[in-house]
Amino acid sequence: MFWGDRTKLLESIILEQRNLGYYLSNRSGVVGYIAATVYDTMAWIGPLVCQKEKVDDASKLIKSVLGKLLGKRVFVALPRNETVLIDLLSANGFKEIFSVVRMYLGSNSARNCIYFAESLERG
């Protein structure tokens with residue numbers, strides 16, 4: 001459903017005790033998941049991957065993580081076309097500090113889903 005094996009990346013985040021990881025499922029299987037890398041004073045949310053058109057589920061996942069990160073500086077990297085999620089984050093006090101161009105060679109496996117990158121370094 002989400003294409004690509006993310007096991008190594010996800011294990012490097014969710015197996016670390018202080019980090020966060022959540023998923024939503026239905027009768028068909030996993031609808032979406034989110035993880036956050038948590039440090040003493042800051043956190044990085046991502047990856048977030050959710051089935052296309054499941055913006056409400058992606059919002060639930062984001063709110064779950066944000067509820068655990070109160071008092072920390074929090075960063076995310078997301079595509080500009082995720083306007084509903086940008087609005088959700090803006091409503092929670094997020095501000096854009098810079099933008100980057102995401103480049104890839106070959107097929108773009110993230111085109112059929114809602115997503116945040118894990119970080120600037122590890123997409």
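The values are calculated or read from the model by the stated rules, or taken from the named source; none is laboratory data. Note that this is a predicted model, so its numbers are computed, not measured. Cβ: placed from backbone, ideal geometry, glycine included. Neighbour counts: every protein chain shown.
Couple of notes before you dig in:
- Selected residue [acidic (Asp, Glu) and surrounded by 11 or more Cβ atoms within 10 Å (Cβ to Cβ)] from Glu96, Glu82: Glu82
- Val30 being surrounded by fewer than 18 Cβ atoms within 10 Å (Cβ to Cβ) and either in contact with a Phe, Trp or Tyr (Cβ under 8 Å, 6 or more places away or on another chain) or acidic (Asp, Glu) (or both): yes
- Test: Ala77 is in contact with a helix residue (DSSP H, G or I) (Cβ under 9 Å, 6 or more places away or on another chain) and either crowded, with 17+ Cβ neighbours inside 10 Å or under 18 Å from Ser28 (Cβ atoms) (or both): no
- For first residues located in segment 1-24 and within 15 Å of Cys113 (Cα to Cα) and modelled with pLDDT of 60 or more, partners that are surrounded by 15 or more Cβ atoms within 10 Å (Cβ to Cβ) and basic (Lys, Arg) and lie 6+ apart or on another chain with Cβ distances below 9 Å form the pairs Leu24/Lys54; Leu24/Lys60.
- Candidates Ser107, Ser59, Ser64, Ser119 - the one that is small (Gly, Ala, Ser), modelled with pLDDT under 85 and under 12 Å from the mean Cα position of the chain (by Cα): Ser119
- Filter pass, Lys52 being among the basic types (Lys, Arg), modelled with pLDDT under 90 and in contact with a strand residue (DSSP E or B) (Cβ under 7 Å, 6 or more places away or on another chain): yes
- Any hit, segment 80-94, residues being part of a helix (DSSP H, G or I), of a type in the set (Ser, Thr, Tyr) and either at pLDDT below 90 or under 18 Å from Glu16 (Cα atoms) (or both): yes
- Test: Leu69 is surrounded by fewer than 18 Cβ atoms within 10 Å (Cβ to Cβ), aliphatic (A, V, I, L, M) and in a loop (DSSP other than H, G, I, E, B): yes
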